[in-house]
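For reference, the structure is listed below as structure tokens.
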Amino acid sequence: MDYDRMMRVFRAAAIEAGDRIMEIYGAEDFEVRAKSDASPVTEADEAADALISARLRVAFPDLPLVTEEQADSHDQSAATFLIVDPLDGTKEFVQRRGDFTVNIAFVEAGVPVRGVVYAPAKGRLFYTDAEGNSVEEDGPFDIEKTGSVRPIRVGKPDNAALYVVASKSHRDAATDAYIAHYGVADLKSAGSSLKFCLVATGEADLYPRLGRTMEWDTAAGDAVLRGAGGHVIRFEDHAPFTYGKPGFANGFFIAHAPGVALVKP
């Protein structure tokens, strides 16, 4: 696989989609509908999905493509594939809170090995480079020309005073009870796959998720975290967290920096 070319395509697709999302975000009003599972979808989700899918299908015609907004793609069975969430954090988008991202990832043999997470309203762009190491690029972001990039790396946790991040829209009593087992210096809430990126940059040490997610919600952030030296594991037994599961549905998980003394459920 030509990972250098792959990441150029991913980066350009994410920025193009982010630009379109921000056009709609800045409008006085936009359409919001409920999908069959009652989750919201907007014209921004659909516009971003169309842009990204078009670029990926031209660049990688032989790779299966799974994307949240195309239900027929969810019936595939694959261990190596492209996976997209064109607008992760739709609730944050609708409520104009800014914590939404564009997620594009490549999963190889069940492992997300390359990915990009772009938070256009936050002006933050994270991705794996051709070698699989994670970087953050400084804006402004140009589709054709890469700006200055700097490597990102997980922090060195102090288990007596951990920095924990949890979901903004989906945090519950079970998550709070689990976090209570740790010595916490600071607990912050964030939306979308930004939580993985905060662990990847050392801004957080631990991100537990005890709730429903899909693989398109996590794959890109997971790739960025792994490329920064972090880990994502299954909540129930701390086994490796894999992709290509039936229906692309996730179980509970823990994203963390090495050195966190993990508590077993």
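Contour minus end-to-end for T242 and V149, with contour as 0.36 nm per residue of separation and end-to-end as the Cα-Cα distance?
Details: separation 93, 0.36 × 93 = 33.48 nm, distance 2.87 nm.
Roughly 30.6 nm would be gained on extension.
Check cross-link reach from K145 to the lysines: straight Cα distance under 22 Å, and skip same-chain residues fewer than eight apart.
K122
Taking DSSP loops as anything outside H, G, I, E and B, show the longest stretch in the chain free of GluC sites (Glu not before Pro) there with at most 13 other beta carbons within 10 Å. Before the final figure, lay out each step's value.
On the way: sites that count: E28, E31, E131, E144, E236.
The reported range is 32-130.
List the pairs from K156/K264; K195/K264; K91/K156; K168/K245; K168/K264; K156/K245 whose alpha-carbon separation is above 30 Å, in the order I gave them. Mind dumping the intermediate values first?
Working: K156/K264 21 Å; K195/K264 21 Å; K91/K156 32 Å; K168/K245 26 Å; K168/K264 24 Å; K156/K245 32 Å.
With Cα atoms farther than 30 Å apart: K91/K156; K156/K245.
Which one, (i) 18.3; (ii) 18.7; (iii) 19.7, gives Kirkwood radius over Cα pairs in Å as derived from the coordinates shown?
After the calculation, the listed value that fits is (i).
Rule-of-thumb check for segment 3-151: C-alpha Rg over 2.2 N^0.38 Å? If you can, show how the numbers build up before the last one.
Working: Rg = 14.9 Å, N = 149, 2.2 N^0.38 = 14.7 Å.
Dividing the Cα Rg of segment 3-151 by 2.2 N^0.38 Å gives 1.01.
What full-extension length gain, to one decimal in nm, is calculated for R8 and A27 as 0.36 nm per residue of separation minus the Cα-Cα distance?
Values: separation 19, 0.36 × 19 = 6.84 nm, distance 2.93 nm.
Working it through step by step, the gained length comes to 3.9 nm.
Suppose each label sits 7 Å from its Cα in the direction of the beta carbon; what would the K122-A249 distance come out to in nanometres?
Distance between label points: 2.8 nm.
Quick one: Cα centre-to-centre distance for segment 215-259 and segment 1-35, in angstrom?
Their Cα centres are 23 Å away from one another.
Quick one: length gained pulling D176 to D72 fully straight, 0.36 nm per residue minus the C-alpha distance? Write out the running numbers ahead of the final one.
Numbers: separation 104, 0.36 × 104 = 37.44 nm, distance 3.58 nm.
The D176-D72 span can extend by a further 33.9 nm.
If you plug each phi of segment 106-112 into the Karplus form 6.51 cos²θ - 1.76 cosθ + 1.60 with θ = phi - 60°, what whole-Hz ³J(HN,Hα) values come out, in order, with x for Gly and Pro?
With the stated coefficients, segment 106-112 comes to 10, 9, 10, 6, x, 10, x Hz.
Any read-out appearing in this document is the output of simple, stated calculations on the displayed coordinates, not a laboratory observation. Computed from a predicted structure; not experimentally measured. Cβ coordinates were reconstructed from backbone atoms using ideal geometry, including for glycine residues, and neighbour counts include every protein chain displayed.
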